[in-house]
Amino acid sequence: MTQSSTQSRTLRERVLPRPVFTVVLWLTWLLAAGSVSVGSLLLGGLLAVAVPWLFRTFWPEAPALQNLGAMIRYFWIVAFDIIVANLIVARLIVGPNKRLRPEWLEIPLDIEHPYAISILASTISLTPGTVSSNLSGDRKTLLVHSLDCPDPEAEIARIKRRYESPLEEMFE
């Protein structure tokens, strides 16, 4: 990489630290405003540039994605699991009186990357019937509450197999 391209890249990163986020924010502003008037374009553009710039120090650099195929598979696994979990939770709540077996699960983590841990915790919370509630200080154990868990060990193994393993492929 030449020195001039490095300097221009550094300048761009200082002015527009998150260019994709800037565009998405600007388009979201225009959609919310319901207008593409000059005022809306200018104010939305100003906010879209200012917000990422003002908060740039709070966003660490995003990790490089190692495996795009794993990311696509992960998306479909999570989407499928959310649909199935919605049906199961609806049946548990609306169906005949069934004794729920709530359980706290301590999931030992093999993944170490902060983004991967965050995505895992978010995925668990997005899936109805489970919620991530705490990450240990050493980032080695995730505490999860399950609405109905007849076999805690099997549930821990399922979470590790379906969610943690693909995240490990993607980020580590």
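List the trypsin sites (Lys or Arg not before Pro) within the stretch 88-125 that DSSP assigns to loop and that have no more than 10 neighbouring Cβ atoms inside 10 Å. When the trypsin sites (Lys or Arg not before Pro) of the stretch 88-125 are filtered for loop state and at most 10 Cβ neighbours within 10 Å, Lys98, Arg99 remain. Of the listed residues Tyr74, Tyr115, the order by accessible area with a 1.4 Å probe, largest first, is Tyr115, Tyr74. Heavy atoms of the protein chains alone define the surface here; on that basis the stretch 96-172 has 56 Å² accessible area per residue at 1.4 Å probe size.
Taking a ≥ b ≥ c as the square roots of the Cα gyration tensor eigenvalues, the stretch 40-127 comes out prolate, since a/c reaches at least 1.5 and a/b is larger than b/c.
Across the stretch 138-148, computed HN-Hα scalar couplings (Karplus, 6.51 cos²θ - 1.76 cosθ + 1.60, θ = phi - 60°) run 8, 6, 10, 9, 10, 8, 10, 9, 10, 5, 9 Hz from first to last residue, x flagging Gly and Pro. Rounded to the nearest 10 degrees, the inclination of helix 114-126 to the longest alpha-carbon principal axis of the chain is 60 degrees. With the helix formula -39500 (n - 2.57) applied to DSSP H stretches of n ≥ 4, the chain reaches a computed 222 nm mean residue ellipticity of -19000 deg cm²/dmol. Helix 19-33 and the longest principal axis of the C-alpha atoms of the chain enclose an angle of approximately 80°.
Surface composition of the stretch 19-172: carbon and sulfur make up 68 percent of the accessible area, probe 1.4 Å.
What angle do you read, to the nearest 10 degrees and between 0 and 90, between the alpha-carbon axis of helix 68-94 and the longest principal axis of the chain? For 68-94 against the chain, the angle is about 50 degrees. Applying 0.36 nm per residue to the separation of Trp59 and Asp148 and subtracting their alpha-carbon distance, the gain on full extension is 28.4 nm.
Of the GluC sites (Glu not before Pro) found in the stretch 54-154, the ones in coil according to DSSP and having at most 11 other Cβ atoms within 10 Å of their Cβ are Glu61. Taking amide hydrogens as placed 1.01 Å from N in the peptide plane, the amide H of Ser133 sits under 5 Å from those of Leu143, Val144, His145, each at least 5 positions away in sequence or on another chain.
Per residue, the average separation of C-alpha pairs within less than 8 Å and at least 6 apart gives the chain a relative contact order of 24 percent. Close amide H partners of Leu109, meaning residues 5 or more places away or on another chain with modelled amide H under 5 Å apart, are Thr141, Leu142.
The values are calculated or read from the model by the stated rules, or taken from the named source; none is laboratory data. These numbers come from a predicted model, not from an experiment. Don't worry about glycine lacking a Cβ; one is built from the backbone with ideal geometry, like all the others, and counts go over all protein chains shown. Please note that ligands, DNA and RNA were not included when accessible areas were found on the heavy atoms of the full protein model with its side chains. Shrake-Rupley method; radii C 1.70, N 1.55, O 1.52, S 1.80 Å.
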